[in-house]
Structure formats: structure tokens, C-alpha cells
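Colleague: One structure is given below, represented as C-alpha cells, and several questions about it will come after.
Here, each number is a calculation from the coordinates, and none is a lab measurement. None of these values were measured; they are calculated from a predicted model. When we count neighbours, we look across all protein chains shown, and the Cβ atoms used for this are built from the backbone with ideal geometry, even at glycine.
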Amino acid sequence: MTALRGLRKARWAKYVLPVTAVVAAALLPFFRPPLDGFLDDCILALIFVAMALGLNLIVGFAGLLDLGYVAFYAFGATAVGWWASNHFGGFNGDGLHIGVSSFTESQPGIHVNFLLLLIGAILICALAGAIIGLPTLRLRGDYIAIVTLAFGEIVGRFMQNGDEVTVFNDYALSNGRESIAPVDQIDLPFLDQFDSALNLRPYYWTMLGIVLVVLFVNLRVRDSRLGRAWVALREDEVAAASMGVPLVKTKLTAYAVGGAIGGLAGCFYGAYLGSVNANQFQFGFSILILAMVILGGLGSIWGVVLGAIALTFVNYRLIPDVLDQGAVNDLKNDLGLSFTFSEVAFGIFGFVLVLMMVMRPQGLLPERRRQIELTEGTEESVFEARI
Amino acid sequence: MSDTSTTNAGPTLDGAVLATEHVTKAFGGLVAVSDISISVAPRSIVSIIGPNGAGKTTFFNMLTGLYKPTAGRIRFDGTDVTGKRPDIITSMGVARTFQNIRLFSTMTALENVMVGEHSRMRAGLFGSILRTPAVRREEREVRERARETLDYVGLSGSQVDTLAINLSYGDQRRVEIARALASTPQLLLLDEPTAGMNPQESDRLKEFMQRLREEREVTILLIEHDMKVVMGVSEHITVLDHGEKIAEGDPQDIRNNERVIEAYLGKQAE
């Protein structure tokens, strides 16, 4: 009886921490002013949590090293640029408007309700994920990384030079190195249009909602037939295929679902920034997301959440607001060093990653499986004996 | 063979569950398997033997779809499966184990066996996300069946939830067989199952194979080096050497076959 009670208690206890965290996260904006730098960082953190969870699904679960994840941000953001701005100004005379507020309705170009945008971004990115997956199907390990890296670069370059590429009469693909701006503020059904110049809270709650959906999808898929097939694939492709796991379909699903999540987050990011800036579609972005996944613990959902939050705050708060200002900056100037920490941000990430690899290679909150891979079957004990 | 009526006859050779016709595999200039034709009767236990490098495992890899034959046909249960994908062949009812254990080492024994049922499950992406009642039920049933299968091969209690990597060698072999059985195969291919086992364990495995055939009505095709097991358990033996079939017949024939003795012991100096 006591054992049973203990079990029930453990089951119940399992939910305490996540629920507390979600409630705390939902209430957080009430303790900050509506327009607040900290809240801004939190929204960014949530965006990166979603992206890192999407990448974790591809790299952590299915073991396919994807170095071109920025492509999904690019597609998601471009969906906003195309379908929620004046970019296609000449389209359809007065433009095309679907479910948008009265102010936006008066604007030329295509303007679509944010919910439809999200769905569009998901579909495009799932398709793009499957397409990027196709050429990597016959490849393994490092070669997958190279192909995906190239894919990310192609998409980035394409958008950066998209002003030269026109389809139908003079509709440019993008605005080139200049952003597509302004894009519409988020407009959800039954709510007033958001205004990021006055109040960040609605943006925060919307993104929190998206993160919860992504988390839900991740947790459900992990403990399913598909999740098991991914792990089997990661462990031993030959054995997995011989046990009846279809390699092509299973891999493509990983790319598609991971890509769709990236597109979802990218779509929100574009709308939140208010502009779609092709200069952001850089290799460094993919690496930043990958660093979040590795820092948190490859394959570990809660670890990745933690890793994404940590690196976002390092990148958007610690470096520009703490290191590049005040005492640290003064000290640096006194030493006669003339650089800003923002300029060497990637050096700092690299340093953090090296530290992690030496001190805690399994990540902040390691996945049970990865921990075994990294600790068992090594010759650690032999080394220890020698010392 | 009085029970041929229970199997799908089809255009196979006398109701064979597996038949290969002139199967050949060449890697560049090297012919690993050359012109092998065999026929396996339903519910029989058949062995393939031969010295190291004879092409036994290559032959297995063609049967399970890991390699595409350079020439020849493979028929399973009346259907041509030559060059089909491994997962399709598995879903049709062929399962295998590997010479070097290839368990998913960071999954538990139970999870390993559940992966074995992949081709028998239906849950898709959206069903898994929404966890519909059908998916929930399927998941529960598969878990239950996987436990039963593990129990059948002799794993129970805490071993079921032990990570494969932490199981003893013998238990890992058992889990591999359970994982293969999970796809409810008609034909089970065992690649040197007694490798690394002591004589008592080999004996037990021998009995287990006979039990499998009786209780689960599977046909067993076996690659084996342990002659005591081979001679004791198989009804029919095919001998390969340098990729070619040099003999076949019942254990008695094989034991007295000169070419087989030669292949194993070498030619006597003249």
C-alpha cells in the first residue's frame, strides 16, 4: 500500500515543477512594465526555446546533424514578409486582406491574419524540411552536416539577393540587404491588434503559448512509436531497418517536424521584430541554435529549454548590457583594449562550449540515454586507475 | 509435409516458405555469393554452414534486403522480394538477429522489443501527438506483448526495464531474439546465435529453437558454427564455401560428405 502511495506521489510530483514553471512564466509580465527590456529578452528567449526544441528533434532525437537550421527561420520570417506587409504593393490593386484589422485593411499588398501565417509557415517549412532531407538520405554523420549547411547557405544567399529575383511582373522575392519593413503587428482573432511600441505583454503570452504547443508536441512524439524509431535510427540504422523501421519516411518526418517548428518560431520572430532582415539568415544563427541544444543536453527536452534560455540571456543581455557597459567596460578601457564584447560574441560562445565539453559533456540537464553513451563503455576507469 | 495446405502455396517450389533461385552477389570483382538456390520448407529448421568468409552473412543480408542481389530471385511465401527494402521484407514476415549483437544499446530491453513491433503498429505523427484512444490502446497492447515476448525468451522482472547495454551477454542475445520475434515473423533468420555461449547455454538455445517452431510455428534459418547444435537441430543443411554451395542434405549426408570435410579440414597432402 505504501509503495502504491509512493508511486502515486511520484507521478503527481513529476508535474509539480513544470506546472509551477509555466504558471510563473505566465504571470511574469505582471511584475514588469508593459514596455520593458527584460520582457523583450524573455520573448527572445521563448522564440529561441521553440527553435532549439525543433532542432533538438532533428539532431537530438533522430541523430541527424543539421547545420542549416537558419533556413527554417528564413522561410518562417519570409512568410511574414510576403503575406503581412506592403512588400507586394501592386498586388491585386488595393491588395489582398484576409482577417486583418481595419487599419491594416487600408494598406496595399497582401495582409493575412497571423494564425493563417503560422499555418502557412508550418506547411512551407515542413515541405522544405522534407526537401532538404531528401539529398541527405544516403548520407551519414558529417556528410549530412555538410549538405544541410549548404542548404542553409543557399537559402540565406537567395534571400539576400532576392531583390534581383523577380517573379510574375516585378514581384521581387525579398528586399535584398534591406529589410522588408514594416510588417504587420500580430493580429489574432477576437483580440485587438498588438502594438509592440506600447505593450509587449501580448507578444510574450502569444509566444509562450507557441512554446507550450511545441513542448507538448516534443513530449508526445518522444514517447511514441515515432520517437522510438528515431532513437533506434540514431543508435543503429542497419538494425532499425531490419526491425521494420522505414528509413526514408522516418528521417523525412524528423526533418519535416523539426523544420515546421523552426518555421513557426521564425514566423513569430519576423512579426515581433517588425521587419524581415535577410542579413540575419547567416550560418552563425544555425550555430547559435545548435549551441543551445548542446549546452542544454542533446536530446533532452528540458535541458534544451534551459540551454536556449541561458544562451539567449548571454547573447542579448549579458554581453551587450553587462559586459559592454559599466564596470567591465571601464576596466577593459583602462587596460587599453578597444573591442566590444558584442564583436567577439561567437568567441564567447565557443569558449562556453569548450568549457562545457570539458566539464559536462552531456549538457546541463542530460538525457538519460546520452548520459549512458558518454559515460559507459569508455575507458574512464582505466584512466582513473592510472592516476 | 502434411501441413502445406495451411500455407499460401503460390508459385513457390513445393510450398516452400523461402526459395532462392541462382542468387549471386558481387562486390566489384569479388563474388561473395555465387549462384545459390535453396528452398526452405514451412516450419522447418534449416542451417547454413561453411568456413569463415564463405558468404553466409552476405546471403542473409540479401534475404533481409540489406543487400540487393547482383543476379537471381528471392521468393518469400510465394512473393518475389528480390531487392525489396528491409523494412518491407520485415513487415512481410521475415525477422533476423545479427552475428555481432546489434541492440539499441541505450534503450531498455522492453523498448528494444517494442521497436521490433514497429511494422505491426499504425500510430502516425498526428495520432501520436494527440494520443488518440486508438493510439493509447495500441501502445498499451504493444507494451504488454513486448513483456510477454521477453518473458517467453526468459527475461523478467527488473531485467525488462534494464538498458540493453547493461544486460549480460546471454541476456542481450535473448533480447535480440525477442526483438526479432516481436514482428511476428513467419521466418526467423538467426546469424550465429550461439556465438560466445558455453555448451549448456547452447543446449538451451537448441531446445528453445525447437520450442519456437512448435509453439509459434516459425521457420528457422540458421547460420551456425557449433556443429553439435547444427547436427542436433536442423533437418536440412546447406554448406557454402567461397560463395558457392558445395553440398546440401540432411545432417547424416553432410557429415559424410567429402567436399564438406575438405572445406573444413583442408585437402590432405597427396
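Colleague: Apply the Karplus parameterisation 6.51 cos²θ - 1.76 cosθ + 1.60, with θ equal to phi minus 60°, to every residue of the stretch B:197-214 and state each ³J(HN,Hα) to the nearest whole Hz, in sequence, with x for glycine and proline.
Modeller: The phi angles translate into 9, 7, x, 5, 5, 4, 4, 5, 5, 4, 4, 4, 5, 5, 5, 4, 4, 5 Hz.
Colleague: I need the calculated FRET efficiency for the pair residue A:353 and residue A:142, taking r as the beta carbon distance and R₀ as 22 Å, to the nearest 0.05.
Modeller: Between residue A:353 and residue A:142 the formula returns 0.80.
Colleague: What's the longest piece of chain A with no exposed chymotrypsin sites (Phe, Trp or Tyr not before Pro), counting a site as exposed if DSSP puts it in a loop and it has at most 10 other beta carbons within 10 Å?
Modeller: A:1-167
Colleague: For the protein assembly as shown, what is the calculated [θ] at 222 nm in deg cm²/dmol (nearest 500), taking -39500 (n - 2.57) for each run of four or more DSSP H residues and dividing by its residue count?
Modeller: -16500 deg cm²/dmol
Colleague: Enter the mean projected area of the convex hull around the alpha-carbon atoms of the stretch A:136-253, in nm², rounded to one decimal.
Modeller: 11.9
Colleague: So if I average 1/r over every pair of distinct C-alpha atoms in the protein assembly as shown and take the inverse, what Kirkwood radius in Å does that give?
Modeller: 28.3
Colleague: Which residues make up the longest stretch of chain A that has no GluC sites (Glu not before Pro) in a DSSP loop with at most 10 other Cβ atoms within 10 Å?
Modeller: A:1-342
Colleague: Any chance you could tell me what percent of the C-alpha pair distances in the stretch B:176-270 go past 23 Å?
Modeller: In whole percent, the share of Cα-Cα pairs in the stretch B:176-270 beyond 23 Å is 32.
Colleague: Only sites in a loop by DSSP and with at most 13 other Cβ atoms within 10 Å count here; which trypsin sites (Lys or Arg not before Pro) in the stretch B:180-270 make the cut?
Modeller: B:267
Colleague: Also, quick follow-up: Using a cut-off of 18 Å between alpha-carbon atoms, which aspartates and glutamates can reach residue A:332, once sequence neighbours fewer than 8 places away in the same chain are excluded?
Modeller: Result set, ordered by chain and number: A:321, A:324, A:343.
Colleague: Still on this model: Taking just the C-alpha trace of chain A, give me its Rg and Dmax in Å.
Modeller: When restricted to the Cα atoms of chain A, Rg and Dmax are 22.4, 79 Å.
Colleague: While we're here: When only DSSP loop residues count, what GluC sites (Glu not before Pro) in the stretch B:127-227 have their Cβ near at most 13 other Cβ atoms within 10 Å?
Modeller: B:217
Colleague: Another question about this same structure. Show the residues, 5+ positions off or on another chain, whose built amide H is closer than 5 Å to the amide H of residue B:96.
Modeller: Amide H neighbours of residue B:96: B:189.
Colleague: Right, here's the next one. Any lysines with Cα under 26 Å of the residue B:206 Cα? List them, leaving off those in the same chain fewer than 8 positions away.
Modeller: Within the straight-line cut-off, residue B:206 pairs with B:56, B:228, B:245.
Colleague: OK, next. For the stretch B:94-154, what are Rg and Dmax over the alpha carbons, in angstrom?
Modeller: Cα-based Rg and Dmax for the stretch B:94-154 come out at 13.1, 39 Å.
Colleague: Kindly write out, for the stretch B:26-36 in residue order, the coupling ³J(HN,Hα) from the Karplus curve 6.51 cos²θ - 1.76 cosθ + 1.60 (θ = phi - 60°), rounded to whole Hz, with x marking Gly and Pro.
Modeller: 10, 9, x, x, 8, 8, 7, 9, 10, 6, 9
Colleague: Starting from the Kirkwood radius over alpha-carbon pairs of chain B, derive D by Stokes-Einstein at 37 °C in a medium of 0.692 mPa s and give it in µm² s⁻¹.
Modeller: 168
Colleague: Another question, then. Multiplying the sequence separation of residue A:344 and residue A:35 by 0.36 nm and subtracting their Cα-Cα distance, what value in nm do you get?
Modeller: 108.3 nm
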